[in-house]
Amino acid sequence: MKLKFCGAARCVTGSCHMLCYDGGKVLIDCGMRQGADEKGELGASDFAFDPKEIDAVLLTHAHIDHSGLLPLLVKRGFDGKIITTKATAELSGIMLPDSAKIQEQDAEYQNRKNLRAGKPMVEPMYTSADAQKTLEYFQPVSYGDIVEVWPGLRARFNDIGHLLGSAAIELWAEEKGTTTKLVFSGDIGRDERPILRDPSSIDGADYVVMEGTYGDREHDATTEEDKEKQLADVLKEGIARGGNIVIPSFAVGRTQELLYTIKRLMMKNAVPGLEKIPVFVDSPLGINATKIYERCAREYYDEEALEMLKMSGSPFDLPNLRVAETGEESKLINFQPGCNIIISSSGMCDAGRIRHHLKHNLYRPDSTILFVGYQANGTLGRILLDGAKSVKLFGEQIQVNAAIRRIEGFSGHAGRSELLQWIREIGSAPKCVFLVHGESETLDKFAVDVRALGLDVEIPDLLDEFELSYGASGVVRMPALTPKKEEEPDLFIGRRLNMIAKQWGINGALYCMRGEEPLYDTAIGVADANKQNLNGIHTRFAAGEITMAFTAAAALILDAQGKLNMDASLDKLVPEYVHAAEITAKELLLGQKTVPDYADYDMSFKLYQQAHKEKLGAMETFKLTWNALNGAISDEDVLNIVNKLDVVDDPENSAGRRSSYRILGMAVARAYGKSLADALNELVFAPIGMKDTGLDKAAEVTYTAKMGDESIVVGAPKLCAGEAGGVVSAYDLAHFGTALLEGKLLDEEHTDIMLAPNACGLRTLNGWYYADSGIEQAQSALYINAQYGVSAAMLANAPSAKEDADETGAKSFVQRMRYEMDDVYLKAEDVQLERINDANVYSVLKLAVNEDQQEFVAGNDISLAEAAALENALPYAVTQNGVAVGFALLNADKDRGVYEIWRLMIDKRFQHKGFGTAAMKLAMAELKRMGAEKAQISVEIGNEAAIAMYQKLGFSFTGRMEYGEAYMECEL
Ligand SMILES: [Zn+2]
């Protein structure tokens with residue numbers, strides 16, 4: 001893992017740091033170089049990297065010295081995501097276009113000069129169009145959320161109190177199975193700043209990249225009150241002078257703080273006559289930023305600002321506020337008589353309307369120029385502060401006669417002791433603190449203080465690169481993603497899956513997503529018992545039979561490309577298979593015909609004989625079969641076995657999936673003209689970014705098997721072919737599922753084949769599909785639900801601790817997963833009654849009520865038997881989005897005019913969701929449809945819950961009792 005310093009190294013502008021790790025390259029900030037920093041090694045517009053190679057940018061805050069080169073990055077080919085807070089995204093939405101406009105104007109100005117001088121034309125660094133395009137890449141996040149930046153890289157943005165939306169970024173990067181935590185401070189704000197909340201502290205880090213703008217100085221006004229007093233003093237003095245008070249100010253942040261502070265002074269009446277002085281905000285950007293500040297109130301303000309908002313409206317709304325949107329309005333300010341407060345940008349006076357105001361006010365002895373922000377080396381602001389007697393503006397030499405004042409307390413940057421406090425609060429000692437964003441001497445001095453805390457410090461020069469060591473300072477774990485907020489059911493998915501994972505004692509990894517959005521993941525235990533490597537969502541496990549689904553996908557892609565005809569027999573592609581003429585690829589895929597399983601028909605028997613002959617115990621027998629069934633077996637050996645057996649064409653008895661997919665794998669390789677591994681890699685894995693997956697890669701885990709009390713570690717399955725032997729991570733497997741659902745791998749026609757019942761190693765039940773590894777010691781499960789667009793993968797390297805009574809392993813897990821998902825997504829409104837048919841009967845047979853209700857309701861098996869035997873009995877499945885949730889048995893005796901609801905049950909998993917009432921209403925409607933005027937129902941005396949529900953629906957007792965049941969009736 002490498003960290004490269006591409007800006008703000010021994011200077012304060014052009015913040016840009018590049019992290020290179022196993023998974024890719026990520027930038028933290030991409031700021032514009034300003035003032036003297038433009039003359040550094042990279043100039044104003046060179047990058048220390050190829051923008052096309054950058055996968056993502058994390059943006060600490062919206063200031064141009066942190067964000068200003070983003071449009072240039074996009075112009076030069078970057079097309080990844082830019083992750084930042086919502087407020088930063090909003091502010092960037094006005095600041096980047098504004099910056100582009102300045103670039104365009106500068107170029108136009110330069111070109112006018114060049115034209116006159118006969119020099120070639122120049123292009124703006126970037127244009128408004130580039131800036132607009134850049135905004136499309138923004139992905140806003142909330143403070144405190146853990147978000148995935150890129151595979152193996154997670155981030156959390158923490159309020160750092162420097163600017164609306166500003167953040168210190170915690171970054172967890174995974175490399176070689178170990179996680180390293182980096183913290184990028186961004187610009188560190190200060191406690192008690194107006195409007196903003198105080199900077200939050202960070203808990204622990206391996207490496208810290210920290211700003212040190214004020215590392216050698218304390219601010220002279222540290223409290224809010226001090227600062228207000230200083231401003232009051234300057235305003236009083238300026239008003240007394242009689243001329244304008246010109247305040248160069250960053251349009252975003254500082255302008256709003258000034259307005260807020262002026263409003264406070266006015267409310268306190270701290271500056272007599274202030275309410276009569278016009279306050280101009282002369283900056284379209286400043287005006288728009290103020291609107292954003294007003295919009296973001298609830299999520300970002302501190303208590304005082306919220307209080308002011310409540311008591312006296314917007315903190316920026318002054319009675320004497322005037323805004324100048326257009327250039328005309330701006331120029332008119334110069335004709336305003338008397339004293340005016342003019343807040344204009346840029347804050348360092350190197351561009352923008354402020355320069356006009358300086359031209360008209362610097363020479364006047366009654367004017368005041370008030371600096372409230374940092375002035376970088378080489379900027380006009382700095383030159384004025386350093387006491388220049390005259391300056392050049394618009395080609396004219398202007399005398400400096402105005403009073404030059406400065407209030408440092410407005411600084412958005414922490415002072416020396418505040419910086420030291422921040423780094424101390426990180427707690428566990430970082431391996432190294434990199435100091436950036438400060439002038440050289442400042443950082444040198446600050447480093448002495450940081451070293452005094454016992455920390456290692458580096459002050460990188462521009463383009464310095466540091467190799468980061470990982471894993472030595474204890475175990476940093478990848479934090480779990482923050483579940484999606486909002487009231488959407490997705491919120492619960494994480495909690496529920498976590499519950500199952502814990503309950504099942506999974507020693508593995510779980511990843512769940514909906515569309516492109518990760519919903520939840522977890523990784524528990526160690527991947528490798530010997531090396532004690534932790535499981536991660538990128539840990540490669542043996543995929544087992546899930547490999548079949550990969551093979552099927554490759555075959556279907558080749559069919560779409562016209563290279564493998566799914567409907568043609570296989571004799572052309574696999575002529576060595578003697579039955580190839582009798583079977584097509586599609587029949588193999590759909591399980592309509594299968595090749596007998598080589599293991600079942602030959603190997604197992606031999607193994608059984610051998611174990612019997614050698615009188616092996618259970619553990620030895622297990623080892624023998626594991627090694628035989630999971631070691632490599634050549635295509636030739638497989639063919640030798642299956643050539644002796646007939647094709648099975650009875651789908652009910654097709655046991656030969658393994659052999660089928662072995663043959664299909666051979667067909668794919670030959671149709672593609674390369675090895676099967678190449679075919680899968682190039683057709684399936686690479687196009688959808690499955691980086692961890694392959695046939696030729698090695699699994700990173702060992703597997704544990706238990707026999708009674710004994711536990712052994714066995715190797716990863718080795719079969720490298722179409723039926724098994726692929727390796728995959730939970731992350732990749734879930735992405736594979738989503739790609740299928742979203743049609744990214746296959747067109748509609750081929751997706752239908754892929755997701756057909758009993759196809760491709762995917763089993764289907766009521767609209768959801770699962771694949772499982774079929775190996776108890778290496779459970780891998782893929783769950784995809786077309787209805788909810790959800791895909792989840794579970795990979796484990798030890799048998800789960802708890803087993804269902806009838807089903808064990810991945811399949812059972814996946815079913816549990818599905819119940820939990822259904823629980824979350826199913827809603828009572830979508831309940832339907834469906835006549836019992838061959839598609840729903842088996843699901844209905846599995847439904848059961850709670851134990852305490854069992855004495856009241858007959859089992860569905862008995863009800864279905866009755867329905868078959870009795871005339872007039874009509875059985876229904878109660879379904880919800882195609883999933884059976886209950887059962888109803890109606891009786892419609894048209895001859896006697898008797899219509900009854902004989903039975904109604906809702907499965908225990910789906911109770912208390914309103915399904916019972918919804919199903920009753922449907923049953924009543926169904927009876928009415930058949931001609932009933934009244935519906936009858938019988939109920940066990942004592943089933944109070946049922947009686948209450950029926951009464952609510954309008955049923956009342958008729959007085960008739962039979963077999964201990966009371967009859968109720970309702971008009972329809
Ligand atoms: Zn900043």
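Structure notes:
Residue by residue, here is whether (1) within 25 Å of His219 (Cβ to Cβ); (2) in contact (Cβ under 8 Å) with a residue 60 or more places away in the chain; (3) more than 25 Å from the chain's Cα centre (by Cα) holds:
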site: Asn158; (1), (2), (3): yes, no, no
site: Leu163; (1), (2), (3): yes, yes, no
site: Ala173; (1), (2), (3): no, yes, no
site: Gly177; (1), (2), (3): no, yes, no
site: Thr180; (1), (2), (3): no, yes, no
site: Ser185; (1), (2), (3): yes, yes, no
site: Pro194; (1), (2), (3): yes, yes, yes
site: Arg197; (1), (2), (3): yes, yes, yes
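- Selection count, segment 726-755, where residues are over 15 Å from Met690 (Cα atoms) and surrounded by fewer than 16 Cβ atoms within 10 Å (Cβ to Cβ): 6
- Gly186 at positive phi, in contact with a strand residue (DSSP E or B) (Cβ under 9 Å, 6 or more places away or on another chain) and more than 13 Å from the ligand (Cβ to nearest atom): no
- Restricted to strands (runs of 3 or more DSSP E) entirely inside segment 326-406, those with at least 1 residues that are open to solvent by 70 Å² or more (accessible area, probe 1.4 Å) are 390-393, 396-399, 403-406.
- Scanning segment 255-304 for residues that are among the acidic types (Asp, Glu), over 32 Å from the mean Cα position of the chain (by Cα) and open to solvent by 20 Å² or more (accessible area, probe 1.4 Å) yields Glu275, Glu304.
- If only residues of segment 407-444 that are of a type in the set (Lys, Arg) and surrounded by 15 or more Cβ atoms within 10 Å (Cβ to Cβ) are counted, the one that is nearest to the ligand (Cβ to nearest atom) is Arg416.
- Residue check, Tyr374 aromatic (Phe, Trp, Tyr) and over 11 Å from Ser249 (Cα atoms): no
- Yes/no for Asp198 being in the same structural domain as Ser15 (by TED's automatic domain parsing), open to solvent by 10 Å² or more (accessible area, probe 1.4 Å), more than 25 Å from Pro518 (Cβ to Cβ) and away from the ligand (no atom under 14 Å from the Cβ): yes
- Screening segment 614-642 for residues that are open to solvent by 40 Å² or more (accessible area, probe 1.4 Å) and not in a helix (DSSP H, G or I) and picking the one that is modelled with the lowest pLDDT gives Ala632.
- Inside segment 861-898, residues that are open to solvent by 10 Å² or more (accessible area, probe 1.4 Å) and not small (Gly, Ala, Ser) make up a count of 16.
- Residue count for segment 899-921 under the criterion of being modelled with pLDDT of 90 or more and surrounded by fewer than 17 Cβ atoms within 10 Å (Cβ to Cβ): the result is 1.
- Scanning segment 893-912 for residues that are under 23 Å from Ala839 (Cβ atoms) and in contact (Cβ under 8 Å) with a residue 40 or more places away in the chain yields Arg903, Met905, Ile906, Asp907, Lys908, Arg909, Phe910.
- Between Ser654, Ser659, the distinction of being modelled with pLDDT of 85 or more and touching a helix residue (DSSP H, G or I) at 6+ places or on another chain (Cβ under 9 Å) belongs to Ser659 only.
- Leading residue by the ranking (nearest to the ligand (Cβ to nearest atom)) among those in segment 47-86 that are in a helix (DSSP H, G or I) and open to solvent by 30 Å² or more (accessible area, probe 1.4 Å): Ile64
- Looking across segment 676-717, the residues that are polar (S, T, N, Q) and open to solvent by less than 30 Å² (accessible area, probe 1.4 Å) come down to Thr693, Thr702.
- Scanning segment 945-972 for residues that are free of Cβ contacts under 8 Å to residues at least 24 places away in the same chain, of a type in the set (A, V, I, L, M, F, W, C) and either assigned to a helix (DSSP H, G or I) or surrounded by 14 or more Cβ atoms within 10 Å (Cβ to Cβ) (or both) yields Ala945, Ile947, Ala948, Phe955, Phe957.
- Selection status of Ala100, buried (at least 20 other Cβ atoms within 10 Å of the Cβ), of a type in the set (Gly, Ala, Ser) and out of contact with any Gly (no Cβ under 7 Å at 6 or more places or on another chain): yes
- Flag if Tyr511 is touching an Asp or Glu at 6+ places or on another chain (Cβ under 7 Å), under 29 Å from Gly144 (Cβ atoms), among the aromatic types (Phe, Trp, Tyr) and at pLDDT below 80: no
- Test: residue in segment 944-957 that is in the same structural domain as Asn860 (by TED's automatic domain parsing) and in contact with a Lys or Arg (Cβ under 8 Å, 6 or more places away or on another chain): yes
- Meeting the requirement of 2 or more residues that are within 16 Å of the ligand (Cβ to nearest atom) and modelled with pLDDT of 95 or more, the strands (runs of 3 or more DSSP E) wholly within segment 123-173 are 153-159.
- Qualifying residue in segment 916-930 (condition: assigned to a strand (DSSP E or B) and free of Cβ contacts under 8 Å to residues at least 60 places away in the same chain): no
- Boolean, Val234 is within 16 Å of the ligand (Cβ to nearest atom) and either open to solvent by 10 Å² or more (accessible area, probe 1.4 Å) or within 43 Å of the chain's Cα centre (by Cα) (or both): no
The values are calculated or read from the model by the stated rules, or taken from the named source; none is laboratory data. Small disclaimer: the values here were computed from a predicted structure and weren't measured. Every residue, glycine as well, gets a Cβ built from its backbone with ideal geometry; the counts of neighbours run over all protein chains shown. Surface accessibility is based on the protein's heavy atoms, side chains included, excluding ligands, DNA and RNA. Shrake-Rupley method; radii C 1.70, N 1.55, O 1.52, S 1.80 Å.
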